[in-house]
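Please treat every number below as a calculation from the coordinates, not as lab data. Nothing here was measured: the structure is a model prediction, and the numbers come from that model. Cβ placement follows ideal geometry from the backbone for every residue including glycine, while neighbour counts extend to all protein chains displayed.
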């Protein structure tokens with residue numbers, strides 16, 4: 001294939017020897033077209049939305065949770081973590097709970113499982129609430145593992161909104 005071809009580049013990931021860390025080619029979101037707002041130029045930082053997130057409590061592994069979804073990762077991940085760590089849900093409940101995705105100009109996508117009162121309250125505060133289906137891929141799709149601090153037992157959860165499985169071994 002010629003270098004100036006318009007065919008999509010294959011994604012490649014590389015692991016750092018001995019670390020288990022995988023590096024991703026995040027530059028795929030940058031463009032060589034000088035008219036593009038995402039043009040590659042010296043000193044330009046690439047935005048990254050990385051997932052999964054790991055949580056350690058008192059120095060011990062507690063949670064690993066993640067979602068695909070580009071810029072939505074920064075909204076989906078905190079919603080799942082709050083459900084798990086603050087609201088006492090188990091990993092499956094935390095992933096399955098209804099979610100929102102917020103955009104600029106006060107626009108919000110909200111799954112219809114979010115109560116009508118909550119959606120009305122958001123609208124009264126000036127938000128433009130777009131109602132999504134009960135289970136929408138738009139708000140991400142999480143998978144996660146938690147470790148019980150007392151027994152060490154691992155528990156996994158997977159999101160019915162997207163393809164994926166959870167396995168704790």
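Structure summary
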{"item": "Label point at residue 163 placed 7 Å out along Cα→Cβ; residues across region 65-100 whose backbone nitrogen lies under 19 Å", "result": "66-70"}
{"item": "Packing-based ranking, highest mean first, of 101-113, 68-80, 138-150, 117-129 given that Cβ atoms within 10 Å are counted", "result": "138-150, 68-80, 101-113, 117-129"}
{"item": "Gain on full stretching of the segment that runs from residue 41 to residue 61 - 0.36 nm per residue minus C-alpha separation", "result": "3.3 nm"}
{"item": "Rounded FRET efficiency, nearest 0.05, which uses the C-beta distance separating residue 150 from residue 30 and R0 of 35 Å", "result": "0.15"}
